[in-house]
């Protein structure tokens, strides 16, 4: 009999009940909650006279709607304010753990989960948010759910699921200097497509993935959903265990050692069989820039905007043509000639301390280019912000003419005041370049923090190594 | 949840792949704390020429005459036909609520994103997966004969095209049963409360750190 995959092990450890047709009642250990996808779930619970099954599994935080400037003035938009207040009322009335906007621990739900040790290896983690896959970087089974499922987890601590297929994506070898986790995941999506992982749980493996820090692994697992997979994960290793050690909600002392012993088993067995395997050579991955309106529409920084006329599949060619029209780009334009109007460094993909360090290293001693109207740095949490300020990163950004803001989802999806105006082009470290995602008519180019920073100082996309000496 | 057994109606052809949930319901409408009222803003960026904000009277807005749902008879459509990977992107169930609030009962496409598919089944909106050539055939028939009725039966798991061709689809038995009967998931699950408690007992003994330290 073949060995087990990491996904098999996580799944089997959470089966409450299995029906003959494979429908499985799966136990959920951690339920992360934010203001946008939860109000209707709490209302449903109330209308049915139900109580949360295990309130201590919940960690709630407002992130999508919160302002990133002038927080002392509260939330100006009354509709956003109502939503944030509704979350606070819902969770406090039920006694659920909650970090309000003024708490230094507030931040993007997918940044604070690992930061607090609220998400641990071996857990099942859900949230009404597709980027919940982020937490899989810790060796957890983490996936996004809809609001009906949020209500179901609140009421029962479980979800009905069917086991999906397992895909292994192996990235072997050494990454070239200047190539980051973000470039790896964009290159993966470019290769397998936005539906390539649909119906699968993806395990990212191989020496290039193992060489990444936990934060880099989070950036990769974060964008599993952009490859179509609800869940992405990385096997536990000593880096995982050291990352978790000492986190506020992690176990400590003997219990930590006992947990770590179990966590070390959370790897795919050498003889495990996957339903699909994708292999990539790390050395062939270049820094990536997206050119279209789907995350699979990416090109290497030294490449060009593709030509739909060269595409043989007519449905695909039509999609490319539509994307280029929306993006106002001509086929065959070198990526380095594309000039953004705004730069956004933040989001659950790239707002952790290592991301900010990477961007600051490029910006240090340089200035924002004149054609860049706004370069926004939005840390992923209050604690990331605090750490960055202790390291003086805020000064580097401010001296270069960037703005240094309060934590939240911000211009990744523009539910707060941070957004693109129609026609504006943005170099963004976020995860989605859909039409209108960052503001109606806005044009998004997905890049790594280092590339976003380089675009801000050069005024066009460029490899940081090609910038003039600071 | 509204049950789905058989439905006959007009199908609107939305000839795009990778229709994402940001396109189905743009972010500004997610600020609502309700489940209803999203219909007028379904496909807002494509449907209207002026930028939309919550609270606007949609009857006063400039509509985009080129968008299929603004064209008769598709403004009366109760089913949507699209290309592959429909509903990709954000997990927002608001996308499903916007479609059902518009009046859609089913979406027919060659493939769906996983979370959208699951959300859809929980709201009585039937996601119907047909082969690419069958979807192509439906596009051709619906575009050639715009008001033609299409019948989708979940009982038979069939789609009857306007020319009488019958296409078969599948849906897993559990979801089909719940949709056919409009069942409340939570009530069903709570029948297994003892199993859930037994699991928690096992977790406390095997993996004591999971719950004990969740208080923080």
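Descriptive notes on the structure:
- Condition check for residue B:164: exposed (fewer than 14 other Cβ atoms within 10 Å of the Cβ), out of contact with any strand residue (DSSP E or B) (no Cβ under 7 Å at 6 or more places or on another chain) and more than 23 Å from residue A:314 (Cα to Cα): yes
- Evaluated against (1) closer than 27 Å to residue A:322 by Cα; (2) within 18 Å of the chain's Cα centre (by Cα), residue A:443 falls short on exactly one condition, (2).
- Summed over segment B:76-95, residues that are more than 7 Å from every other protein chain (Cβ to nearest Cβ) and under 17 Å from residue B:11 (Cα atoms) total 8.
- Flag if residue A:104 is more than 9 Å from chain B (Cβ to nearest Cβ), surrounded by fewer than 24 Cβ atoms within 10 Å (Cβ to Cβ) and touching a residue at least 24 places away in the same chain (Cβ under 8 Å): yes
- Filter pass, residue B:103 being away from chain A (no Cβ under 14 Å), on the phi > 0 side of the Ramachandran plot and at pLDDT 95 or above: yes
- Every residue from segment B:154-206 that is within 15 Å of residue A:157 (Cβ to Cβ) and at the interface with chain A (Cβ under 7 Å from one of its Cβ atoms): B:185, B:186, B:189, B:190, B:192, B:195, B:196, B:199
- At least 3 residues being in contact (Cβ under 8 Å) with a residue 24 or more places away in the chain is the threshold, and among the helices (runs of 4 or more DSSP H) wholly inside segment B:1-110 those reaching it are B:21-24, B:94-102.
- Among (1) crowded, with 16+ Cβ neighbours inside 10 Å; (2) away from every other protein chain (no Cβ under 14 Å) - the single one residue B:209 does not satisfy: (2)
- Of all residues in segment A:1-24, those that are touching a residue at least 40 places away in the same chain (Cβ under 8 Å) have Cβ atoms under 7 Å from Cβ atoms of residues that are in a helix (DSSP H, G or I), 6 or more apart or on another chain, in A:16/B:195; A:16/B:196; A:16/B:199; A:23/B:174.
- Residue A:57 being within 8 Å of chain B (Cβ to nearest Cβ), buried (at least 19 other Cβ atoms within 10 Å of the Cβ) and within 21 Å of residue A:124 (Cβ to Cβ): yes
- Index of the failed condition, residue B:139 passing every other in (1) within 14 Å of another protein chain (Cβ to nearest Cβ); (2) without any contact (Cβ under 8 Å) to a residue 12 or more places away in the chain; (3) surrounded by fewer than 20 Cβ atoms within 10 Å (Cβ to Cβ): (2)
- Hits in segment B:1-20 (condition: within 14 Å of another protein chain (Cβ to nearest Cβ) and in contact with a strand residue (DSSP E or B) (Cβ under 7 Å, 6 or more places away or on another chain)): B:13, B:14, B:16, B:18, B:19, B:20
- Going through (1) in a strand (DSSP E or B); (2) surrounded by fewer than 21 Cβ atoms within 10 Å (Cβ to Cβ) one by one, residue A:204 falls short only on (2).
- Residues (surrounded by 23 or more Cβ atoms within 10 Å (Cβ to Cβ) and not in a helix (DSSP H, G or I)) located in segment A:333-347: A:340, A:342, A:343, A:344, A:345, A:346, A:347
- Scope segment A:420-433; condition surrounded by 24 or more Cβ atoms within 10 Å (Cβ to Cβ) and within 8 Å of chain B (Cβ to nearest Cβ); matching residues: A:432
- The set of residues in segment A:107-152 being assigned to a helix (DSSP H, G or I) and at the interface with chain B (Cβ under 10 Å from one of its Cβ atoms) consists of A:116, A:130, A:131, A:132, A:147, A:148, A:149, A:150, A:151, A:152.
- Residue A:237, sole failed condition from (1) surrounded by 22 or more Cβ atoms within 10 Å (Cβ to Cβ); (2) within 25 Å of residue A:356 (Cβ to Cβ); (3) more than 18 Å from the chain's Cα centre (by Cα): (1)
- Checked against the criterion of being at pLDDT 95 or above, closer than 30 Å to residue A:199 by Cα and away from chain A (no Cβ under 14 Å), segment B:21-30 has no qualifying residue.
- Beta carbons closer than 7 Å, at least 6 apart along the sequence or on distinct chains, pair a first residue in segment A:187-201 that is within 8 Å of chain B (Cβ to nearest Cβ) and touching a residue at least 40 places away in the same chain (Cβ under 8 Å) with a second that is assigned to a strand (DSSP E or B) and crowded, with 23+ Cβ neighbours inside 10 Å for A:194/B:88.
- Screening residue A:351 on (1) surrounded by fewer than 24 Cβ atoms within 10 Å (Cβ to Cβ); (2) in a loop (DSSP other than H, G, I, E, B); (3) touching a residue at least 24 places away in the same chain (Cβ under 8 Å); (4) away from chain B (no Cβ under 14 Å) shows it passes everything except condition (1).
- Scanning segment A:167-183 for residues that are buried (at least 24 other Cβ atoms within 10 Å of the Cβ) and either in a helix (DSSP H, G or I) or in contact with a strand residue (DSSP E or B) (Cβ under 8 Å, 6 or more places away or on another chain) (or both), we see that the one that is farthest from the other protein chains (Cβ to nearest Cβ) is A:171.
- Single residue of B:180, B:188, B:154 found to be under 26 Å from residue A:147 (Cα atoms) and out of contact with any strand residue (DSSP E or B) (no Cβ under 9 Å at 6 or more places or on another chain): B:180
The values are calculated or read from the model by the stated rules, or taken from the named source; none is laboratory data. Being a predicted model, the structure only gives us computed values, none of them experimental. With ideal geometry, Cβ positions are generated from the backbone for all residues, glycine too; neighbour counts draw on all protein chains shown.
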